[in-house]
Amino acid sequence: MAALSIRDLDDSVKEKLRLRAARHGRSMEAEIRLILTAAATEEERLPNDLFTALTERFTQLGGVDLDVPARTTAPRAADFGE
């Protein structure tokens, strides 16, 4: 198994990791190992289209409700030049 050393880690980050580990009932080392394993094995998900990307993005933020005004006139028929 490999070993890593992380230099210049902010003290507040270390404290947050310690608290997170305690909440999950794990040692700090086990918690960091779990975080790194999850990050390294997670496949980057690329959206199939813009709609999917926007939907996923705004769903995380609570969604967006838009007021769509009612139409006042019927849509006109398409003219194909015949």
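All of the numbers you see were taken from the coordinates with simple rules; none came from a lab. Source: prediction; values computed, not measured. We place every Cβ from the backbone using ideal geometry, glycine too, and count neighbours over all the protein chains shown.
For the pair Glu42 and Ala3, a Förster radius of 30 Å applied to the C-beta separation gives a FRET efficiency near 0.85, rounded to the nearest 0.05.
Dividing the Cα radius of gyration of the chain by 2.2 N^0.38 Å, with N the residue count, gives 2.12. Rounded to the nearest 10 degrees, the inclination of helix 50-60 to the longest alpha-carbon principal axis of the chain is 50 degrees.
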